């Protein structure tokens, strides 16, 4: 099973975010766009995990959520990794509030405790909107920087849970299934 740990957003926020990114999708960019139902905030990608470890991973997710209180998460600002001129991923940002940083760190530590390697890259919270096709030429991304800067989106949601997700890849794109939901403590 291909697994990751994520924060899933309310349908209304996902739809509003997706709609705000319509000018990007209309821009004829060489990008494979993520569907509205697939927008999420990844806290930790686990990769291929033996199905026999599912309970152990769920327990680690529960341990990370335990003692963590619900918190407000601002969602705002468009960008690209590593940058708009050499974009590989186009995203909508999430403000790196202390509560989110702590939650991500707790997930990282609990997964490390059960044998998953620590992530060496800094955590940059975001919702992936699309992935630039591997064969895309830099010239095909001309104007992306200006387009990203012109787009506006600002919203806020309350993070109430952390989910263990399964990703199934196909030619039509990835399909995500929630396997387990760990509720955060109410305030």
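So how tilted is helix 54-65 from the main axis of the chain? Cα-based, degrees 0 to 90, rounded to 10.
80
Helix 98-113: angle to the longest alpha-carbon principal axis of the chain, degrees 0 to 90, nearest 10?
In the chain, helix 98-113 runs at an angle near 60 degrees to the longest axis.
Helix 11-20: angle to the longest alpha-carbon principal axis of the chain, degrees 0 to 90, nearest 10?
20
Could you work out how far the C-alpha centroid of segment 109-187 sits from that of segment 53-76, in angstrom?
When both Cα centres are located, 16 Å separates them.
Please give the peptides 134-143, 42-51 ranked by average Cβ packing (other Cβ atoms within 10 Å per residue), highest first, as a rough proxy for protection.
42-51, 134-143
Hey, what number do you get for the chain at 222 nm if only DSSP H runs of n ≥ 4 count, each worth -39500 (n - 2.57), divided across all residues, to the nearest 500?
After summing the helix terms and dividing by residue count, I get -7500 deg cm²/dmol.
Mind computing the radius of gyration and Dmax over the alpha-carbon atoms of segment 2-183? Å is fine for both.
In Å, with Rg to one decimal and Dmax whole: 16.6, 49.
Between residue 118 and residue 185, what FRET efficiency follows from the Cβ-Cβ distance if R0 is 30 Å, with the result rounded to 0.05?
Rounded to the nearest 0.05, the efficiency is 0.75.
None of the figures in this text is laboratory data; all of them are computed from the coordinates on show. Everything numeric here is computed off the predicted structure, so don't read it as measured data. Neighbour counts run over all protein chains shown; Cβ positions are idealised from the backbone, glycine included.
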